[in-house]
1. When you scan the stretch 1-113 for helices (runs of 4 or more DSSP H) that lie fully inside it, which ones turn up with 1 or more residues that are farther than 25 Å from Asp193 by Cβ, at pLDDT 95 or above and acidic (Asp, Glu)?
2. Look through the stretch 175-211, keep the residues that are aliphatic (A, V, I, L, M) and under 19 Å from Ala68 (Cβ atoms), and return whichever of them is surrounded by the most Cβ atoms within 10 Å (Cβ to Cβ).
3. Scan the stretch 114-125 and report the pairs whose first residue is on the phi > 0 side of the Ramachandran plot and in contact (Cβ under 8 Å) with a residue 60 or more places away in the chain and whose second residue is in a helix (DSSP H, G or I) and not aliphatic (A, V, I, L, M), with Cβ atoms within less than 6 Å and a gap of 6+ or a chain change.
4. Among the candidates Ile167, Ile145, single out the residue that is at pLDDT 95 or above and in contact with a helix residue (DSSP H, G or I) (Cβ under 9 Å, 6 or more places away or on another chain).
5. Here are some conditions: (1) in contact (Cβ under 8 Å) with a residue 12 or more places away in the chain; (2) exposed (fewer than 14 other Cβ atoms within 10 Å of the Cβ); (3) farther than 26 Å from His30 by Cβ. Leu152 meets all but one. Which one does it not meet?
6. Of the residues Leu102, Leu117, which single one is surrounded by 15 or more Cβ atoms within 10 Å (Cβ to Cβ) and among the aliphatic types (A, V, I, L, M)?
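The values are calculated or read from the model by the stated rules, or taken from the named source; none is laboratory data. Keep in mind the model is a prediction, meaning the values are calculated, not measured. Please note: Cβ atoms are built from the backbone with ideal geometry, for glycine as well, and neighbour counts cover all protein chains shown.
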Amino acid sequence: MNSNMKKARMAGLFYLLYIVTSVIADLFAHLGFGDAETILNTILTHEWSFRFGFIIGMLSIVLFLLAAWALYVLLKPVNEDLALLFLILNLGGVAVQSFSMLNLFAGLLLSGGADYLKAFPADQLQALALLFVNIYKNGFLLAQIFYGAWLLPLGYLVYKSGFLPKILGILLILDFIAVLFWFLQVFLFPGYDFLHYPGVAVSFIAEVGLALWLLIMGAKETQDDPN
C-alpha cells in the first residue's frame, strides 16, 4: 500500500469517526443542532444521557482535529502553505468550540444540586444554567466561521491534487458557502432556519462523501511517491 493510500485512509477513518461521534453526541445530549432549552432539559431530566453525550462530543472535537492533521499530511505536497492554512483554521474552530463546551459544563454544574448552590434561589440557578448553555450555543455557532473557512483551501487542494476526484473538491467549496450561509442566517435571520436546509444537505454529501472516499478508495499514487 503506497504512502498516499495510507495517509488517505487514516484521514478518512478520523473524519468518519468524527462524523459518527458528532451524531451520537447530538442524539444523547442534543449538542450541535439542539437549542438551549432542549439541552438544559436534557441536563435536568436525563443527566446520564447528557454526560455521555458531552464526553462523546469532546471526543468528536479531538477526532476532527486529527482528521485535519491527517488531511494536512496528505495534501501538503500539493501546496504546503494552503494545507497549513486549513489546519490553522480548523484549530481555531476547535479552540472556540472547546471553550464553548466549558460553558456547557458550567450549566451542568449549576444544575447539579451541590450544597454550595443552596445559597441561590432555584429559579436563579436555572436562569444562570440557561445563560451558560446559550453561551455554548453561540460559541458553537461562532466556531462555524472557522469550520466553514477551512473548507475553501481544503476543497481547492482536493480539486488540484490529481490523486482525489475533482468533484470532491467542488463539493467542499460548495460546503464552505453553505456553512457560512448558515452562520449568517442564524445571526441575521434567526427565525428562518429553513433557509439553510439545502446547505445542510450539501454539507452532508460533501463531508460524508470525502470521508468514505478516503477510507474506501484512498488516493492515487503520485509519481514522486517513494512507495
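1. Result: 80-110.
2. Looking at the filtered set, the residue picked out is Leu210.
3. Hits for this filter: zero, empty list.
4. Ile167
5. It fails just one condition, (2).
6. Result of the check over Leu102, Leu117: Leu117.
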